[in-house]
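Let me begin by presenting the structure, written as structure tokens, before commenting on it.
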Amino acid sequence: MNEHLNPWKVLGEKKIYENPWIKVNEYDVINPSGGKGIYGKVFFKGIATGALVLDEELNTYLVGQYRFTIDQYSWEIPEGGGKMGVDPVESAKRELLEETGLVAEEWTKIVEMHLSNSVTDEYAVVYLARKLSQHLASPEETEQLQVKKIPFEEAYQMVERGEITDSMSVAAILKVKLMLADGRIS
């Protein structure tokens, strides 16, 4: 099997919906087994960014908010969207300040991922943010946020118990747990 050869054949394409953040297309396709069908794809017009904060005492910050898309409350690392063509770390810095009021001097890329590659092209970059100073938060009008500072180990346990389900947050917390365990960070 050639990993670089696309086995899907596109017979037709039509735009279904578009807004400032996403575009949805539907494709008439022949699938890898030779059957005809349709496939929907959501294109994102930005890059998802996140910041896992870790202070000197190994505390982290979580942001809680009610998520319209899943119809439930969600605890997450500070995260949001960045514009294409803008360095994702700059977008992560903006989101961290907006949501928590924190500014970090040290930024390390820890995760790059596709968030739901069966239906979307959404791409995410997550950073470890350290050497913090507190400033004034300024959430967007669509955000009603609760921010809490907790020991990093408690955030890890929330992932273990299924209390944190946001994919960027889960990936970042598990990655930092590994980095702490093997001594890459302290």
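The values are calculated or read from the model by the stated rules, or taken from the named source; none is laboratory data. What you see is a predicted model, and the numbers here were worked out from it, not measured in a lab. Every residue, glycine as well, gets a Cβ built from its backbone with ideal geometry; the counts of neighbours run over all protein chains shown. The accessibility values were calculated without ligands, DNA or RNA, using every heavy atom of the protein model including side chains. Shrake-Rupley method; radii C 1.70, N 1.55, O 1.52, S 1.80 Å.
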Task: Residue pairs meeting the criteria (Cβ under 9 Å; at least 6 apart or on separate chains; first closer than 17 Å to residue 34 by Cβ, in the range 1-13; second open to solvent by 100 Å² or more (accessible area, probe 1.4 Å) and of a type outside the set (S, T, N, Q)) - done: 7/1; 11/36
TODO: Answer yes or no: is there a residue in the range 164-183 that is in a helix (DSSP H, G or I), without any contact (Cβ under 8 Å) to a residue 24 or more places away in the chain, open to solvent by 70 Å² or more (accessible area, probe 1.4 Å) and farther than 21 Å from residue 67 by Cβ.
DONE: yes
TODO: Inspect all residues belonging to the range 34-50 and state whether any of them is open to solvent by 90 Å² or more (accessible area, probe 1.4 Å) and free of Cβ contacts under 8 Å to residues at least 40 places away in the same chain.
DONE: yes
Open item on the list: If the requirement is being surrounded by fewer than 16 Cβ atoms within 10 Å (Cβ to Cβ) and either modelled with pLDDT of 95 or more or within 22 Å of residue 186 (Cβ to Cβ) (or both), which of these qualifies: 112, 95, 122, 141?
Closed with: 112
Open item on the list: Six or more apart or on different chains, Cβ atoms under 7 Å: show the pairs whose first residue is in the range 136-159 and in contact (Cβ under 8 Å) with a residue 40 or more places away in the chain and whose second is among the small types (Gly, Ala, Ser) and in a loop (DSSP other than H, G, I, E, B).
Closed with: 137/101
- [ ] Please go through the range 68-89 and pick out each residue that is in a strand (DSSP E or B), touching a residue at least 40 places away in the same chain (Cβ under 8 Å) and more than 16 Å from residue 155 (Cα to Cα).
- [x] 81
